[in-house]
Structure formats: C-alpha cells, structure tokens
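Please read the structure below before turning to the comments.
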Amino acid sequence: MEADPVVQQTTPPYIPVRSSGWPRPRIPRWLYLALAAFLVVAVLVALVHKPSKAEQATDLRGFLSYVTGDIESCAGGVSESLQALHAVQAGQNSASDVSDGISVAQQGAQNCGPATNMSIDDLQTYQVEQSLDSYNLAGVVTDLINWAAPDAQRVQTDVANVLSARTAVTRSRAEAQLNTDLAVLDKQRSQINTVINAARRALGVTQPGPALPG
C-alpha cells in the first residue's frame with residue numbers, strides 16, 4: 001500500500017504579532033467623569049447667577065460714559081454747524097463768518113464718519129455688558145452710529161449748502177433738504193433717548209446719556 005504523498009506548504013505559518021513591550025497610557029475613567037461634572041457646574045453657575053441692580057447700575061454708568069465719550073466729537077460739530085447757520089439767518093454774521101461756518105459744517109460732516117473719526121469707529125466694535133442685555137442697549141449703540149453716519153453727516157452737509165447758496169432758489173432747496181434730514185436726525189435721537197432713559201429709570205441712575213443736538 002503506497003503512502004500518501006507529502007504536501008508541501010506554500011504559505012508561511014501564521015505567527016501572531018507581538019505587541020510592543022511599552023504599556024499604552026490610558027486616561028482614567030474618573031477623569032472623564034470629573035471633567036464632565038466640572039462643565040456641568042460651570043454652565044449651571046452661569047445660568048443661575050444674575051447681576052444685582054447695583055451691578056447693573058454700575059455697568060450702565062460705564063456704558064453712558066463710554067458712548068458719550070465716543071459720540072461727543074461728532075455731536076459737537078453738529079451743534080457748531082447749526083449755531084453758525086442760525087447766526088447767519090439772524091443777520092449777525094459777516095461774509096467771513098459765513099465762510100467760516102461753511103468750513104465748520106464741512107469739517108464736522110467729515111468728522112462724523114467712522115473712516116475719519118476713531119471714536120465713531122470704536123463704537124462699531126463696542127460690546128455692551130451682558131448684565132444690561134435686557135435693556136436693549138446694543139440697539140442704542142447701532143442707533144448712535146447711524147445718528148453720526150449718515151444722519152449727522154447729511155445735516156452738516158446741508159448746512160454748508162445753505163450757507164454757500166448764491167440764489168434764493170438754491171437756498172430754498174438746500175433749506176428744504178436740511179429740514180428733511182433734521183427730522184431724521186431728531187427721530188433717531190428720540191429713539192436713543194427713549195431706550196436710555198428707560199434703563200436709567202429702571203436702575204435709578206441719574207447720570208445723563210449723550211447730548212445729541214438737532
């Protein structure tokens with residue numbers, strides 16, 4: 001009886017790969033739990049803590065000081081422009097004073113733009129304190145920026161146009177445009193003062209808001 005032929009193995013025998021002798025570091029499970037608990041506590045503290053009225057009043061005073069400081073250079077130019085116009089209309093100014101009034105109005109218009117006034121540009125990035133979120137003061141900041149540019153700019157440009165008018169028709173048109181733009185400026189000012197004064201009354205703050213001429 002013939003023996004079975006020997007079958008030659010063509011593939012190498014399986015040899016399990018040995019793991020490295022260095023132990024792999026493992027983060028303990030308790031560390032994950034501790035981190036999760038910390039995050040939960042931090043969120044709860046943020047939700048539970050409510051600023052006191054005194055804290056809100058302090059933040060409101062800071063807000064009023066900040067926005068007043070930023071808008072006052074533009075507001076001052078508007079006041080000077082309108083004063084020059086009223087003096088001319090009352091017959092109190094000479095030709096040189098009229099020329100000076102035109103220059104004041106033109107420079108004032110330029111000074112109310114964020115591109116040429118760092119204070120107005122600063123308002124665009126100002127963040128109201130979170131403690132004052134319920135008083136809608138972020139909207140006041142936006143309204144102040146709009147009050148300056150383009151509203152105050154337009155009014156001062158109109159003043160310069162009225163003062164430089166050479167005919168009755170040109171002057172009449174410039175005055176009509178000035179009255180239209182003054183109405184817009186006044187409406188914006190009223191909206192700003194309404195929100196600010198509501199916050200001041202609620203928090204018992206006597207410090208006034210920014211003085212906005214018109």
**Asked** Restricting attention to the range 109-214, which trypsin sites (Lys or Arg not before Pro) occupy a DSSP loop and are surrounded by at most 11 other Cβ atoms within 10 Å?
**Response** ARG166
**Request:** Starting from the Cα of ASP133, step 7 Å along the direction of its Cβ; do the same at ALA115; then give the gap between the two resulting points in nm.
**Result:** 3.6 nm
**Prompt:** Which parts of the range 59-101 would a label at THR206 reach, counting a residue when its backbone N lies under 16 Å from a point 7 Å out along Cα-to-Cβ?
**Reply:** 61
**Complete:** Stretched fully, the stretch from ASP100 through ARG171 gains (0.36 nm per residue minus C-alpha distance, one decimal, in nm) 23.8 nm
**Request:** Take peptides 78-90, 114-126 and line them up by average Cβ neighbours within 10 Å, highest first, as a rough protection proxy.
**Result:** 78-90, 114-126
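Just so you know, all these numbers are worked out from the coordinates, no wet-lab data involved. From a predicted model like this one, the values you see are computed outputs, not experimental measurements. Note that we place each Cβ from the backbone using ideal geometry, even for glycine, and neighbour counts take in every protein chain shown.
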